[in-house]
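Here is the structure we will look at.
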Amino acid sequence: MRNETTANQPILEVISLEKKFPVYGSFGKWFGTKSYVNAVTDVSFRLYKGETYGLVGESGSGKSTTGRTILGLTPATSGQVLYEDKDLAKLTRNELRKFRKDIQFVFQDPFSSLNPRKRIGPILEEPLLIHKMGDQKQRQEQVFRILEIVGLQPEHYFRYPHEFSGGQRQRVGLARALIMNPKIIVCDEPVSALDVSIQSQILNILKELQKELQLTLLFITHDISVVRYISDRIGIMYLGTIVEEALTDDLFNEPLHPYTKALFSAVPDFTRNRLSERVILKGEIPSPLSPPSGCVFHTRCPYATDICKAEVPGLKEVRPNQRVACHLISAH
Amino acid sequence: MNSVPLLEVKNLKTHFHTERGRVTAVNGVSFTINKGEIIGIVGESGCGKSVMSQSIIRLLEHTDSIEYEGEVRFDNQELLSMPISQLRAIRGDEIAMIFQDPLSSLNPVYTIGNQIVEVLRQHQKISKKEAHKKAIEVLRATGIPSPEIRVNDYPHQLSGGMQQRAMIAMALSCEPKLLIADEPTTALDVTIQAQIIELIMELNRTMGMGVLFITHDLGVVSEICTSVKVMYLGQIVEDTTTERLFATPLHPYTQGLIKSIPRMDGNRHEKLHVIEGTVPSIADIPRGCSFSTRCPYADERCFNEEPLMEKVNAEHSVKCWNYAAINNLEGRA
């Protein structure tokens with residue numbers, strides 16, 4: 001066993017993560033890079049052991065890129081990701097292999113992330129094979145154990161992905177992440193493709209497993225009510241940066257950033273009075289090809305002033321555990 | 001309110017003839033829409049809500065393996081038995097439709113303006129120039145900034161929200177009496193969704209058109225619709241006003257759906273409600289009540305006899321044998 005981390009020791013720390021994707025002209029790479037898509041401009045946050053951190057944002061906010069960069073599925077342009085105080089970029093091949101065992105990924109579309117020509121059993125065994133864990137029989141036993149944990153039947157071992165319903169496929173996706181006995185699971189929109197009655201099943205399983213297996217979850221989603229239900233802490237992303245971060249209850253009791261307020265009020269919710277005041281944002285999220293100067297939100301912000309156009313607001317701790325990136329909000 | 005409904009659907013059934021036999025996707029749906037009303041159809045994937053909406057204007061006609069039954073009356077005309085040429089004059093003119101994915105319903109090789117002009121000239125005797133002017137007007141009405149420039153854009157040059165606005169502009173260009181909106185906001189971000197919902201409601205107010213709004217999102221329904229029909233396996237199982245649906249849902253399926261959504265004011269530490277099992281395949285609809293296989297209250301009768309749509313009061317109908325017992329309404333209803 002590795003030494004127990006104290007409560008204040010983050011298991012994973014992301015420090016000023018930046019990811020740019022090059023854009024080439026019509027002749028490909030021949031004449032160099034035309035410009036860059038600034039998918040993630042400056043993201044820092046910490047994941048503590050056993051918690052669920054929700055990363056929320058609209059499409060194009062860079063939430064998925066953040067998740068993928070943390071896993072090393074795409075290299076970061078700059079910034080650091082520390083796992084148990086080790087910089088991931090400086091890991092040797094062997095260390096990286098161990099890291100990959102500890103951190104797993106669940107994708108949005110369970111069908112396109114499963115090989116259609118393989119049965120579920122071999123799909124689930126493959127990671128064990130790659131990491132050379134156990135012999136054939138042990139691996140099979142492990143698969144049957146995991147199938148049971150995620151609520152599937154032993155006979156599903158021999159089925160193909162197309163024989164499963166959407167909810168079952170997402171259970172297989174979960175099973176594949178769990179089979180390595182990971183410490184962290186990054187879930188990228190795991191319930192967005194599912195119907196509400198199936199969605200609640202998967203959310204329940206996730207919550208249960210987390211408690212049982214002491215998992216740390218990074219939960220990436222655009223769905224505000226889902227993230228409220230599942231997360232302990234939430235980071236709100238807009239155009240490549242985190243604009244607000246707080247404990248879930250604090251955030252929903254009193255969102256501070258103008259974008260967070262607008263986002264929450266845009267959620268259609270049948271529990272709310274139909275005639276309640278809504279903040280409807282004008283315009284759309286700007287292109288990450290040419291993000292606005294200063295505060296990225298100033299083009300849509302109803303309260304924007306001159307300083308917002310000129311200076312980038314940093315994330316400031318406004319209240320205990322609540323950080324906001326806005327010029328107009330100061331510490332109480 | 002107008003005494004003659006704008007659209008009257010009576011016992012509509014849509015069958016597909018497949019290799020494995022006849023499959024009934026829509027199984028006896030009846031409802032009416034009055035002028036200026038926004039009616040919501042809610043259901044999970046596979047409940048037949050999209051097939052139902054497309055059956056109304058017979059969009060599925062090109063497959064000869066399809067069979068309609070029942071009656072669809074629009075403005076005193078019967079759409080299901082009408083010759084297709086006559087129906088074409090109605091589609092796009094008096095009944096318009098918008099779909100979930102705007103990019104795949106817009107023609108990528110024509111400009112937005114071109115496509116709106118085409119709709120206008122198909123249905124109205126106006127010159128190209130006038131049609132172009134009108135195209136700019138409808139684009140402006142849907143809130144597209146600088147429509148004089150945007151009218152010459154190709155679909156891929158617009159963002160998702162703008163594409164959906166362009167679709168709505170096209171649908172509204174002939175000032176339809178009825179708009180069928182099939183999941184128009186599902187592909188959009190919440191802040192953009194809020195804009196589109198606001199737009200549809202405003203156009204409904206100003207133009208007085210009826211709207212059939214199809215969605216899986218109960219939250220969206222609560223924002224926009226005056227009354228709601230809940231569909232399950234090709235049938236309407238509950239039909240009531242929006243207020244009543246959320247305040248006193250009577251059908252066990254509706255109750256399950258509402259409970260399984262994480263609520264913005266709910267307890268985060270409680271387990272979410274789960275509707276047991278999965279939606280059966282429409283090729284294999286259960287005997288008796290179609291929800292019986294997943295219903296926590298199902299008894300002998302539910303498995304054998306199909307319940308009828310029962311009127312609880314003037315505003316509320318439900319298709320369930322035991323709704324009174326489940327909801328403690330015995331003696332009161």
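The values are calculated or read from the model by the stated rules, or taken from the named source; none is laboratory data. Note that the coordinates shown come from a computational prediction; the quantities given were computed from them, not determined experimentally. Heads up, the Cβs are rebuilt from the backbone with ideal geometry, glycines too, and the neighbour counts pull from every protein chain shown.
Summed over the stretch B:200-218, residues that are more than 13 Å from the chain's Cα centre (by Cα) and buried (at least 20 other Cβ atoms within 10 Å of the Cβ) total 2. Looking across the stretch B:66-111, the residues that are within 19 Å of the chain's Cα centre (by Cα) and in a helix (DSSP H, G or I) come down to B:I90, B:P102, B:S104, B:S105.
Residue-wise test of (1) among the hydrophobic types (A, V, I, L, M, F, W, C); (2) farther than 15 Å from B:I200 by Cβ; (3) surrounded by fewer than 22 Cβ atoms within 10 Å (Cβ to Cβ).
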site	(1), (2), (3)
B:A96	yes, no, no
B:T111	no, yes, yes
B:H156	no, yes, yes
B:E175	no, no, yes
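Quick check on my filter: what residues within the stretch A:200-214 are within 7 Å of another protein chain (Cβ to nearest Cβ) and among the hydrophobic types (A, V, I, L, M, F, W, C)? Talk me through it step by step, then tell me what you get.
Restricting attention to the stretch A:200-214, the residues satisfying the condition of being within 7 Å of another protein chain (Cβ to nearest Cβ) are A:200-201, A:203-204.
Residue satisfying the conditions is A:L203 alone.
Residue pairs whose Cβ atoms lie under 6 Å apart, separated by 6 or more positions or on different chains, with the first residue in the stretch A:74-94 and without any contact (Cβ under 8 Å) to a residue 60 or more places away in the chain and surrounded by 12 or more Cβ atoms within 10 Å (Cβ to Cβ) and the second of a type in the set (V, I, T) and not in a helix (DSSP H, G or I), are A:L88/A:V81.
Against the condition closer than 18 Å to B:K271 by Cα and either touching a helix residue (DSSP H, G or I) at 6+ places or on another chain (Cβ under 9 Å) or surrounded by fewer than 20 Cβ atoms within 10 Å (Cβ to Cβ) (or both), how does A:V186 come out, does it pass? Steps first, answer last, please.
On the way: closer than 18 Å to B:K271 by Cα: no; either touching a helix residue (DSSP H, G or I) at 6+ places or on another chain (Cβ under 9 Å) or surrounded by fewer than 20 Cβ atoms within 10 Å (Cβ to Cβ) (or both): yes.
Criteria not met by A:V186.
Taking each residue of the stretch A:220-237 that is closer than 17 Å to A:D188 by Cβ and looking for partners that are among the acidic types (D, E) and at pLDDT 95 or above with beta-carbon atoms closer than 8 Å, six or more apart or interchain, yields A:I234/A:E245; A:G235/A:E244; A:G235/A:E245; A:I236/A:E244; A:I236/A:E245. In the stretch A:58-73, the qualifying residues are those that are buried (at least 19 other Cβ atoms within 10 Å of the Cβ) and at positive phi, and the one that is modelled with the highest pLDDT is A:G62.
Mind checking whether some residue in the stretch B:232-239 is at the interface with another protein chain (Cβ under 8 Å from one of its Cβ atoms), closer than 22 Å to B:V26 by Cα and either out of contact with any His (no Cβ under 6 Å at 6 or more places or on another chain) or at pLDDT 95 or above (or both)?
Here is the first cut: in the stretch B:232-239, the residues at the interface with another protein chain (Cβ under 8 Å from one of its Cβ atoms) are none.
No, the stretch B:232-239 contains no residue that is at the interface with another protein chain (Cβ under 8 Å from one of its Cβ atoms), closer than 22 Å to B:V26 by Cα and either out of contact with any His (no Cβ under 6 Å at 6 or more places or on another chain) or at pLDDT 95 or above (or both).
Within the stretch B:287-318, being of a type in the set (A, V, I, L, M, F, W, C), part of a loop (DSSP other than H, G, I, E, B) and buried (at least 20 other Cβ atoms within 10 Å of the Cβ) holds for B:C289, B:F291, B:C295.
Of all residues in the stretch A:176-187, none satisfies being within 9 Å of chain B (Cβ to nearest Cβ) and at negative phi.
Out of the stretch B:267-286, which residues are surrounded by 15 or more Cβ atoms within 10 Å (Cβ to Cβ) and more than 9 Å from chain A (Cβ to nearest Cβ)? Let's see the steps before the verdict.
The initial filter retains those residues of the stretch B:267-286 that are surrounded by 15 or more Cβ atoms within 10 Å (Cβ to Cβ), namely B:268, B:272-275, B:278-280, B:282, B:285-286.
Listed by number, the residues that qualify are B:P280, B:I282, B:I285, B:P286.
Screening A:L315 with (1) buried (at least 19 other Cβ atoms within 10 Å of the Cβ); (2) within 14 Å of another protein chain (Cβ to nearest Cβ); (3) not acidic (D, E) gives one miss only, at (2).
If only one of B:M309, B:M264 is within 14 Å of chain A (Cβ to nearest Cβ) and of a type in the set (A, V, I, L, M, F, W, C), which one is it? It would help to see each step written out before you state the result.
Details: B:M309 fails: within 14 Å of chain A (Cβ to nearest Cβ).
Just a single option satisfies the conditions, and that option is B:M264.
Which members of the stretch A:46-79 meet the condition of being away from every other protein chain (no Cβ under 14 Å) and assigned to a loop (DSSP other than H, G, I, E, B)? Residues satisfying the conditions are A:K49, A:G50, A:L71, A:G72, A:L73, A:T74, A:P75, A:A76, A:T77.
For the stretch B:251-274, filtered to residues that are touching a residue at least 24 places away in the same chain (Cβ under 8 Å) and among the hydrophobic types (A, V, I, L, M, F, W, C), the residue that is farthest from A:I198 (Cα to Cα) is B:I258. Residues that are of a type outside the set (A, V, I, L, M), free of Cβ contacts under 8 Å to residues at least 24 places away in the same chain and touching a helix residue (DSSP H, G or I) at 6+ places or on another chain (Cβ under 7 Å) were ranked within the stretch B:275-323; the one that is farthest from A:G166 (Cα to Cα) is B:G288.
Tell me whether the stretch A:123-140 contains one or more residues that are closer than 19 Å to A:E155 by Cβ and assigned to a loop (DSSP other than H, G, I, E, B). No - not one qualifying residue is present in the stretch A:123-140. Taking (1) of a type outside the set (V, I, T); (2) loosely packed, with under 14 Cβ neighbours inside 10 Å; (3) not in a helix (DSSP H, G or I) in turn, B:K129 satisfies each apart from (3). Taking into account only those residues within the stretch A:97-120 that are under 22 Å from A:Y157 (Cβ atoms) and polar (S, T, N, Q), which is farthest from the chain's Cα centre (by Cα)? That would be A:N115. For the stretch A:154-185, the tally of residues that are among the small types (G, A, S) and free of Cβ contacts under 8 Å to residues at least 40 places away in the same chain stands at 2.
In the stretch A:252-273, the residues that are more than 8 Å from chain B (Cβ to nearest Cβ) reach residues that are in a helix (DSSP H, G or I) with C-beta atoms within less than 6 angstrom, at least six apart or across chains, in these pairs: A:P255/A:K261; A:P255/A:F264.
Every residue in the stretch B:240-261 that is closer than 19 Å to A:L203 by Cβ and within 11 Å of chain A (Cβ to nearest Cβ), please. Steps first, please.
Quick first cut of the stretch B:240-261, residues closer than 19 Å to A:L203 by Cβ only: B:255-261.
Result: B:G256, B:L257, B:I258, B:K259, B:S260, B:I261.
Tell me, which residue of the stretch B:319-333 that is of a type in the set (G, A, S) and part of a loop (DSSP other than H, G, I, E, B) is modelled with the lowest pLDDT?
Taking the stretch B:319-333 first, the residues of a type in the set (G, A, S) are B:324-325, B:331, B:333.
Subsequent filtering for residues that are part of a loop (DSSP other than H, G, I, E, B) retains B:331, B:333.
Details: B:G331: 51, B:A333: 40.
Applying the filter and picking the extreme gives B:A333.
Scanning the stretch B:3-53 for residues that are crowded, with 21+ Cβ neighbours inside 10 Å and of a type in the set (K, R) yields a single hit, B:K49.
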